[in-house]
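Single-structure report; data block below.
No lab work stands behind these numbers, since they all come straight from the coordinates. Every value quoted in this text rests on a predicted model; they were computed, and no experiment measured them. Backbone-built Cβ (ideal geometry, glycine too); neighbour counts: all protein chains shown.
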């Protein structure tokens, strides 16, 4: 009977140990005291004594002067450097003056117009040849009307057929040397009766055709062309030398206004 009881107790003890071991494995693990997330345990004796009273901070009614920052004071004493003066603008280059001989107040001068020149080549040649005799000079261009003869004609008709019919009537009257103008312009469909350098010959031809019963007319044939002049200033005693130095045909020297 006693042995049976001891056997039962031994079995119960084994069951209790097994249960304790089983519960210890499945329960919560012990906390690592080195874990940073867990506050350390302190004994009550290690805690500081709680202060019973807290003294109130002392207050003062008088305002305290706020000292200026040292950096601000230092900046206030620094004088900024003066801005550099702007550089003066560079003067524009002056074109070289035209070389002219100086005039003397004790001498008298005369201005001449030399020309006309039909082209600038003859003008430049004359200017170079006269440069040593002139005080100053200038060139200028003008438009001139030149005569290229005189023409005799019958007025233009409305159509070419009318102009040809008029020419046949001239031939019937014994008037030869004519032609009908077909080129476009103010003379188109007119009957040309001749071009003459001498105006007296032109008038003679016109009178002949008028006497035959036709309204012949006479007009000067002109053309506008450019010409060039050379104006010079010379001393009075050099006027004769200028005129003698001109070698271009048709070019003369005449007095003109000074410049």
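For the reader, a short list of remarks on this structure follows.
- Cβ-based exposure ranking for 150, 229, in which fewest neighbours within 10 Å come first: 229, 150
- Global form of region 137-259, assessed from the alpha-carbon gyration tensor, a/c cut-off 1.5: prolate
- Multiplying the residue separation of residue 111 and residue 172 by 0.36 nm and removing their Cα-Cα distance gives an extension gain of 15.7 nm.
- Simple spin-label estimate for residue 165 and residue 15 in nanometres, 7 Å along Cα-Cβ: 16.1
- Sorted fewest first by neighbouring Cβ atoms within 10 angstrom, 175, 15 come out as 15, 175.
- Added length on full extension, which subtracts the Cα-Cα distance from 0.36 nm per residue, residue 254 to residue 197: 17.7 nm
- Judged by the gyration tensor of its Cα atoms, with axes a ≥ b ≥ c, region 200-259 is prolate; a/c meets the 1.5 cut and a/b is the larger of a/b and b/c.
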